[in-house]
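Scroll down for the structure; my scribbles are underneath it.
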Amino acid sequence: MADRRGLLLILSSPSGAGKSTLAKKLMAWDPTIRFSVSATTRAPRPGETDGREYYFKQRAEFEQMVATGEMLEHAEVFGNLYGSPRGPVEQAMREGRDTLFDIDWQGGQQIRNSALGRDVVSIFILPPSISALEERLRGRAQDSDEVIAGRMAKSRDEISHWAEYDYVLVNDDLEATFAKLLTVLEAERMRRDRQPKLAEFVRGLNQEFDAR
């Protein structure tokens, strides 16, 4: 038995607020953290490997997994299904490993309402200002003005769900925000109900009392 039960760490934010950067830093800090690999019904692209970028599924198989509760969350995007398989997450939990989900508020809501909801720790990342958010999006130099406008419009809806999360961090300084993220994770790992060996340890203490 592992010293503790792994948790499900959900990171969400509007595009450009720093969620993906924080996720990469977190996994570099602790390589035992498992990044949740999604399943999808879209065809593999050149260079993609099943189980690495995605678990590639036929639509009938994917829908069967949804019907039998094997997907923690799922959604249809541009005609393809995407979702988070439950099996690998439960395996990681038993091994005492955390699983990181880089998903939006809708996926996070589904996972919180799933059978593993009690093991979820959800964190929403806010930008310091809307102008800073737009500046970060433009600083990527990857998207057209039209795409950026679309992302900004979507950001307002995403930010409106901030109060559904356990923790909310304002990413005004990346290193300071990362330090706060680590504080949250380390505290949540030490929760009593995530440490299955504690009861046995306390019984041992009581046996020492009895033996005196």
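Nothing in this text is a laboratory measurement; each read-out follows from the coordinates by a stated rule. Every value quoted in this text rests on a predicted model; they were computed, and no experiment measured them. In this analysis, Cβ positions are derived from the backbone assuming ideal geometry, glycine residues included, and neighbour counts consider all displayed protein chains.
When you look at Val121, is it touching a residue at least 40 places away in the same chain (Cβ under 8 Å), closer than 27 Å to Met65 by Cβ and hydrophobic (A, V, I, L, M, F, W, C), yes or no? The answer is yes for Val121. Looking at (1) buried (at least 18 other Cβ atoms within 10 Å of the Cβ); (2) part of a strand (DSSP E or B), which is the only condition Met65 fails? So the condition that Met65 fails would be (2).
Within segment 160-189, being among the hydrophobic types (A, V, I, L, M, F, W, C) and either free of Cβ contacts under 8 Å to residues at least 60 places away in the same chain or touching a Pro at 6+ places or on another chain (Cβ under 6 Å) (or both) holds for Trp162, Ala163, Val168, Leu169, Val170, Ala176, Ala179, Ala187. Select from segment 31-68 the residues that are of a type outside the set (A, V, I, L, M, F, W, C), more than 22 Å from Leu9 (Cβ to Cβ) and touching a residue at least 12 places away in the same chain (Cβ under 8 Å) and list them in ascending order. Passing the criteria: Thr41, Arg42, Pro44, Lys57, Gln58, Arg59, Glu63.
Condition first: more than 29 Å from Asp119 (Cβ to Cβ) and assigned to a helix (DSSP H, G or I). Now tell me which residues in segment 142-194 satisfy that.
Asp145, Glu146, Val147, Ile148, Ala149, Gly150, Arg151, Met152, Ala153, Arg156
Among the residues of segment 19-76, those that are within 20 Å of the chain's Cα centre (by Cα), acidic (Asp, Glu) and under 19 Å from Gln110 (Cβ atoms) comprise Glu70, Glu73, Glu76.
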